[in-house]
Every structure is written in C-alpha cells, then in structure tokens.
Amino acid sequence: MELNDVQVELDGYACRLGLVLFEAVELKESPPGLLDEISQLVNDYVARSVEMPEEFVKGMRDTLRQGGFKPSGRNRPASEWLLRDLAESGEFHFVNNLVDINNLLSLRHFLPMSVVDAGKFSGEAHLRLGYEKERYVFNPSGQELDLTGLIVVADSYGGASRAMGSPIKDSQFAKLSDETTSALAVVYANPRLVNELHMEQILSEWADLARKFAGAHSAQTRVIAAE
C-alpha cells in the first residue's frame, strides 16, 4: 500500500483526514514508557474531570452528518466513547501498543481515530461514504454497525469495495492481531477545528510513538482535505 495511491471519493463532503502507514510493526503489550505517557494523561484528565469540548462534540458530529449518518446514541464518535468511559471508570483500558497509542492520541486531541491491519487490504485503499444498508461486524460477538452515509476507509476486495474502519468503530476483520506487521491509522477531523499544520503535528506524534513503542521502521503520512 502507498498512501499517495489512496483514492478519495468524498466530493461535497467537508473534512480533514490524516493517514499514517506503518511498516514492520511489532504488536505487543504497551511498554513502560508508553504506560507512563498514558498514566500522565489519565491522572490529569481524571483530576480535572476533563470533558469533551463542546466545539469538538458539535464539530465532529456535524462532519459525520453530511452523508446522512446520525452520530448519536450508540453511534457517537469513538473519541466521545473513550472520554466518557475514562470519566466514568477512571481507568484506561489497555489492548496492545498500537491500539493504546491510537486511544491515547484520540483522548489527547479529542478526535476519533482508526488503526487497522494494512495487510488485510486488497487492491487500492479508498476513503468514501458507506453505501446504503452497508454494514460490518465490529466485535467478536457479531454486532454490526450500519455504515450508511458514514465516512469509511475501505479496500477493493473482489472488484467491489469492503469497508474496514470508521470514526465510530472499526471492522472486526481489519482489527490488529498477532499476525499484524503493517498498520494504517486514520485521523478524522472537522476542517474548521483542525488545520493542516495541526493535523501534520498529530501524524508526527503518531509516527514517533509507533517508532518508539511498536518498532515501526517507516511511517508514511498524508493529510487529505476534502470539500
């Protein structure tokens, strides 16, 4: 996969997206240095009872509504879920180093992010809106997310297009596993709240943390502004 080859099919849909492609990653439990960064954020947020800034709640939901998706209830952006869970439990739920980096940065920047297995992609990657009644399973229990009108990252499986991740929940099929050696991270943002420089800084953070704590040997980045 090359990020310059990722197809953007979002005409008339205003958003700013950031992509990071990692090669030669090593999936494992988060090491001490990453645990320290996460603990610092968690302790600070819990002590100050940090809530999602209203402009980010409204801005991200407005972005996702453009395609007809309704980002409320169980379909709230992943960043809202993360911060709400942290406020209620006072704990960060660890998964593995890359997912933990994803969730750390999502909390830090108040933005939903995906991190999926780049090796699961077939053909070219696409950024598009979910088709009418398109769905995918997002957890081991077999629960499905209705993707109609939702921005998704997808591949070209079997001559069609298969959704892999979104700002709500990622596909169970594309989630990271012990076999993962390359990963694609996607940052979703409202362009009025996150300019190009800010997005580049977030992608740089992603790349630095993945090199330091997941052994990534290279990290391509790309900022996409759709309108």
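Within the option set Phe94, Phe110, Phe69, being under 26 Å from Arg192 (Cβ atoms), hydrophobic (A, V, I, L, M, F, W, C), touching a helix residue (DSSP H, G or I) at 6+ places or on another chain (Cβ under 6 Å) and in contact (Cβ under 8 Å) with a residue 12 or more places away in the chain holds for one residue only, Phe110.
Restricting the search to the range 188-204, which residues are within 14 Å of the chain's Cα centre (by Cα) and closer than 13 Å to Val20 by Cα? Tyr188, Met199, Ile202, Leu203 - these are the residues of the range 188-204 that are within 14 Å of the chain's Cα centre (by Cα) and closer than 13 Å to Val20 by Cα.
Exactly one residue among Arg16, Arg76, Arg48 is in contact with a Pro (Cβ under 6 Å, 6 or more places away or on another chain) and not hydrophobic (A, V, I, L, M, F, W, C), and that residue is Arg16. Within the range 180-202, the set of residues being in a helix (DSSP H, G or I) and either surrounded by fewer than 17 Cβ atoms within 10 Å (Cβ to Cβ) or of a type in the set (Lys, Arg) (or both) comprises Glu196, Leu197, His198, Glu200, Gln201.
In the set Glu205, Glu124, only one residue is among the charged types (D, E, K, R), touching a Ser or Thr at 6+ places or on another chain (Cβ under 8 Å) and surrounded by fewer than 22 Cβ atoms within 10 Å (Cβ to Cβ); that residue is Glu124.
Residue-wise test of (1) at pLDDT below 95; (2) at positive phi; (3) in contact with a helix residue (DSSP H, G or I) (Cβ under 8 Å, 6 or more places away or on another chain); (4) of a type in the set (Val, Ile, Thr).
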| position | (1), (2), (3), (4) |
| --- | --- |
| Arg16 | no, no, yes, no |
| Val20 | no, no, yes, yes |
| Gln40 | no, no, no, no |
| Asn43 | no, no, no, no |
| Glu54 | no, no, no, no |
| Arg61 | no, no, no, no |
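Checked against (1) surrounded by fewer than 23 Cβ atoms within 10 Å (Cβ to Cβ); (2) on the phi < 0 side of the Ramachandran plot, Asp170 passes all but a single condition, namely (1).
Keeping to the range 131-147, report how many residues are in a loop (DSSP other than H, G, I, E, B) and of a type outside the set (S, T, N, Q). Qualifying residue count, the range 131-147: 8. Is it true that Arg48 is modelled with pLDDT of 95 or more, of a type in the set (Lys, Arg) and under 22 Å from Gly130 (Cβ atoms)? No, not satisfied. Does Leu105 fit the bill of being under 23 Å from Leu82 (Cα atoms) and either surrounded by 16 or more Cβ atoms within 10 Å (Cβ to Cβ) or of a type outside the set (Asp, Glu) (or both)? The answer is yes for Leu105. Looking only at the range 212-225, decide whether some residue is more than 15 Å from the chain's Cα centre (by Cα), touching a residue at least 40 places away in the same chain (Cβ under 8 Å), closer than 28 Å to Asn75 by Cα and assigned to a strand (DSSP E or B). Looking through the range 212-225, at least one residue is more than 15 Å from the chain's Cα centre (by Cα), touching a residue at least 40 places away in the same chain (Cβ under 8 Å), closer than 28 Å to Asn75 by Cα and assigned to a strand (DSSP E or B). Scanning the range 137-163 for residues that are among the aromatic types (Phe, Trp, Tyr) and within 16 Å of the chain's Cα centre (by Cα) yields a count of 1. Take the conditions (1) in contact with a Leu (Cβ under 7 Å, 6 or more places away or on another chain); (2) in a loop (DSSP other than H, G, I, E, B); (3) free of Cβ contacts under 8 Å to residues at least 24 places away in the same chain; Asn103 misses just one of them, which is (2).
Kindly evaluate Val50 against the criterion of being touching a residue at least 24 places away in the same chain (Cβ under 8 Å) and among the aliphatic types (A, V, I, L, M). When the stated conditions are applied, Val50 passes them.
The values are calculated or read from the model by the stated rules, or taken from the named source; none is laboratory data. All values derive from a computational prediction rather than experimental measurement. Cβ: placed from backbone, ideal geometry, glycine included. Neighbour counts: every protein chain shown.
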